[in-house]
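The values are calculated or read from the model by the stated rules, or taken from the named source; none is laboratory data. None of the values given here were measured: they were computed from a predicted structure. Here Cβ is always computed from backbone atoms with ideal geometry, including for glycine, and neighbour counts include all displayed protein chains. Areas reflect the complete protein model, heavy atoms only, side chains present, ligands, DNA and RNA absent. Shrake-Rupley method; radii C 1.70, N 1.55, O 1.52, S 1.80 Å.
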Amino acid sequence: MVPAANPRSYYGLPIVKRPAWTQEVPWYFFVGGTSGALAATSMVARWSANAGLERRARRLALAGALISPALLISDLGRPSRFLNMLRVFRPTSPMSVGSWTLAGFGSALGAAETAELVGLPAAMVGTAEVAAGVLGPILSTYTAVLLGDTANPIWRGARHLLPFVFSGSSMASAGGALCVAGPVGDLRSARLMVVAGTAVEQLSFFAMERQLGALAEPYAEGRAGTLNTIQRASSLLGAALIATLGRRSRLGAAVGGALTLVGSAALRQCIYRAGFQSAEDPTYLVRSQS
Amino acid sequence: MTISSPRQASVPLPMWQGGGTRMGFFTDTSICIGCKACEVACKEWNDVPDLDPSWSGNSYDNTLRLGASSWRHVAFVERPRPDTGVGVQWLMSSDVCKHCTRAACMEVCPTGAIFRTEFGTVVVQEDVCNGCGYCVSACPFGVIERRADDGRAFKCTLCYDRLKVGEQPACAKACPTQSIQFGPLDELRERAGARLEVVKNESGHEMAQLYGADETDGVGGFGAFFLLLDAPEVYGMPPAPSYQRRDVATMWAAASVAAGVLLGGVAGAIVWGRR
Ligand code: SF4
């Protein structure tokens, strides 16, 4: 007699495909997300007449806006066709919305920086900065819609909480980047961003795991599990350091900021990896649909 | 216990009129004999590259999955007869892209490379695809895939080129038992309904079901649907696939709130952080 096949799967083979994306994608989630929150920081700093913070945040954001497209293009199967991303605007596609957002965001930041360098009126710098500052938070969170709008059980199942994980993480990493870059005036605002951002990030992540229930298993296993431990430890330790030692010592703030950045990057890697593990075992998908 | 062929079903086989109507496949797995003629015909006609030859040990199935270079895949479930427990029951099914009514692959494609044809089928324009890979994660059935050496995404075209000249798709033409039937979708659905009655009543397959014939399902029905003899997951297919625009709308709503939280948090930190 032939041994009974598992009645709930076909030889244990995956039903949905593993993500086709490469490492560059979670790195982009991190860099783009941080950059988006920094642009918002720059906009608000201008309004509160903190020119030092405004400039520093904008330059850091610009660096991220320059790295982001490079990461995305190298992930493409046909990098030479990257301009096809802007061939049409497709509101049904989070990737199309994101590509246009990134294009507008980078252009606005570039325009603000250029306008300031060549000495154009401050109002022009400010206008470009507002454009970047408004697009920034969208850039930080649309990537969660990108993941949620797939058939992947661990992403799709958390589609309403992922945006909060990403927005909190982006706020924290923007504050972390400012702490590492060093003080302009003082770091109080940056430190507050780290603490508040980490709180939103970790609470949302916890809520996400709770909501997923059994589907959250990959977050505790394999590479995603390891990355989860790293992200949680780094983020919490970073925020704790910032809230305590960071108040008095520049070194403490810099180390805390670096840990926050590591935690935020590991968080994106963790979520990305979990998508692979979730797709590989068909029982997750079947369970999520029965 | 015999299963009558579809020719004996009450609805006669219609001819394809072509143009305007939505065309599709009805894959009646109850009469699939696992010959893989569909797989071969598809590869030949569409010039689909071969896979690395390997032996899976999973019954007669060495193709294992649909993908960039397998657009038809015959699944073989080999198990003890569920009724008596003695002897072997074979379930064979030729899987294919579902050409969904609400096709996730097409909706998420950022370049517009994936489009709906005049036959209601879903096709990738290979001269536009830039290999972003989004459709791969979006497809609820794990159908479409990026070809590693080429970088672009490929899947069944429902033989768009053949349909254009009034021919039927290569797999349907090659199928010796008419397990794969091609035609106007509404006629196929009617025929499938009648066929299901026959299979259920005459052969005692209690689990027999139509999969994807219902327009009210999660993806609005398949353009290529099936008669299965057991649950979809037994054949490696999702039990309740879904793609809804309103789901995407709620995600954007959540993301907007999250973006607001970010902006508010940053503003609060800066205002509060000011001495
Ligand atoms: S089965 Fe997958 S590849 Fe085929 S139309 Fe539906 S979503 Fe697209």
Practice prompt. Considering only the range B:218-230, state which residues are open to solvent by 10 Å² or more (accessible area, probe 1.4 Å) and either within 12 Å of another protein chain (Cβ to nearest Cβ) or within 13 Å of the ligand (Cβ to nearest atom) (or both).
Written response: B:Gly218, B:Asp230
Worksheet item: Taking A:Ile15, is it under 21 Å from A:Leu146 (Cα atoms), out of contact with any Cys (no Cβ under 9 Å at 6 or more places or on another chain), at pLDDT 95 or above and surrounded by fewer than 21 Cβ atoms within 10 Å (Cβ to Cβ)?
Response: no
Worksheet, complete the sentence: From the option list A:Arg59, A:Arg55, A:Arg46, single residue qualifying as surrounded by fewer than 21 Cβ atoms within 10 Å (Cβ to Cβ), in contact (Cβ under 8 Å) with a residue 60 or more places away in the chain and more than 28 Å from B:Val248 (Cβ to Cβ) is A:Arg55
Response to the item:
Per the list (1) more than 27 Å from B:Leu66 (Cβ to Cβ); (2) in contact (Cβ under 8 Å) with a residue 24 or more places away in the chain; (3) within 8 Å of another protein chain (Cβ to nearest Cβ), residue check on B:Met237 breaks on (1)
Worksheet item: Tell me, which residue of the range A:73-85 that is in contact with a Phe, Trp or Tyr (Cβ under 7 Å, 6 or more places away or on another chain) and assigned to a helix (DSSP H, G or I) is surrounded by the most Cβ atoms within 10 Å (Cβ to Cβ)?
Response: A:Asp75
Response to the item:
When restricted to A:Ala196, A:Ala174, the only residue open to solvent by less than 20 Å² (accessible area, probe 1.4 Å), at pLDDT 95 or above and within 9 Å of chain B (Cβ to nearest Cβ) is A:Ala174
Worksheet item: For the range A:178-290, which helices (runs of 4 or more DSSP H) that fit wholly inside it have 2 or more residues that are over 14 Å from A:Val165 (Cβ atoms) and of a type in the set (Phe, Trp, Tyr)?
Response: none
Worksheet item: Could you say whether any residue in the range B:179-188 is more than 16 Å from the ligand (Cβ to nearest atom), assigned to a helix (DSSP H, G or I), open to solvent by less than 10 Å² (accessible area, probe 1.4 Å) and more than 22 Å from B:Ala104 (Cβ to Cβ)?
Response: yes
Worksheet item: Within the set of pairs 6+ apart or on separate chains, which have a first residue in the range B:91-111 that is of a type in the set (Phe, Trp, Tyr), a second that is more than 6 Å from the ligand (Cβ to nearest atom) and open to solvent by 10 Å² or more (accessible area, probe 1.4 Å), and C-beta atoms under 7 Å apart?
Response: none
Item to complete: Would you check if B:Trp45 is modelled with pLDDT of 95 or more, open to solvent by 20 Å² or more (accessible area, probe 1.4 Å), within 15 Å of the ligand (Cβ to nearest atom) and away from every other protein chain (no Cβ under 14 Å)?
Response: no
Fill in: Single unsatisfied condition, A:Gly110 versus (1) within 18 Å of B:Thr111 (Cα to Cα); (2) touching a residue at least 12 places away in the same chain (Cβ under 8 Å)
(1)
Fill in: B:Lys173 being within 22 Å of the chain's Cα centre (by Cα), assigned to a helix (DSSP H, G or I) and not hydroxyl-bearing (Ser, Thr, Tyr)
yes
Worksheet item: Could you list, in sequence order, the residues of the range B:201-212 that are more than 16 Å from the ligand (Cβ to nearest atom) and surrounded by 15 or more Cβ atoms within 10 Å (Cβ to Cβ)?
Response: B:Ser203, B:His205, B:Ala208, B:Gln209, B:Leu210
Discussion item. Any residue at all in the range A:118-128 that's within 12 Å of chain B (Cβ to nearest Cβ), open to solvent by less than 40 Å² (accessible area, probe 1.4 Å) and either in a helix (DSSP H, G or I) or closer than 30 Å to B:Pro238 by Cβ (or both)?
Written reply: no
Worksheet entry | Those residues of the range A:161-191 which are more than 14 Å from the chain's Cα centre (by Cα) and either in contact (Cβ under 8 Å) with a residue 24 or more places away in the chain or assigned by TED's automatic domain parsing to the domain that holds A:Ser140 (or both), in sequence order | A:Leu178, A:Cys179, A:Val180, A:Ala181, A:Gly182, A:Pro183, A:Val184, A:Gly185, A:Leu187, A:Ser189, A:Ala190, A:Arg191
Worksheet item: Of the residues in the range B:67-94, how many are open to solvent by 10 Å² or more (accessible area, probe 1.4 Å), at the interface with chain A (Cβ under 10 Å from one of its Cβ atoms) and within 15 Å of the ligand (Cβ to nearest atom)?
Response: 0
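Residues checked against (1) charged (D, E, K, R); (2) within 15 Å of the ligand (Cβ to nearest atom); (3) not assigned by TED's automatic domain parsing to the domain that holds B:Ala41:
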site: B:Asn130; (1), (2), (3): no, no, no
site: B:Cys135; (1), (2), (3): no, yes, no
site: B:Cys139; (1), (2), (3): no, yes, no
site: B:Arg147; (1), (2), (3): yes, yes, no
site: B:Gly151; (1), (2), (3): no, no, no
site: B:Lys164; (1), (2), (3): yes, no, no
site: B:Cys175; (1), (2), (3): no, no, no
Item to complete: Evaluate the range B:120-127: report whether one residue or more is within 11 Å of chain A (Cβ to nearest Cβ), away from the ligand (no atom under 15 Å from the Cβ) and either open to solvent by 10 Å² or more (accessible area, probe 1.4 Å) or not polar (S, T, N, Q) (or both).
Response: yes
Worksheet item: If we scan the range B:248-258, do we find a residue that is within 16 Å of the ligand (Cβ to nearest atom), open to solvent by less than 50 Å² (accessible area, probe 1.4 Å) and not in a strand (DSSP E or B)?
Response: yes
Fill in: Whichever residue in the range B:98-116 is more than 21 Å from A:Leu72 (Cα to Cα) and open to solvent by less than 10 Å² (accessible area, probe 1.4 Å) and, among such residues, is nearest to the other protein chains (Cβ to nearest Cβ)
B:Ala104
Worksheet item: Exactly one of (1) within 16 Å of the ligand (Cβ to nearest atom); (2) at pLDDT 95 or above is unmet by B:Glu215. Its number?
Response: (2)
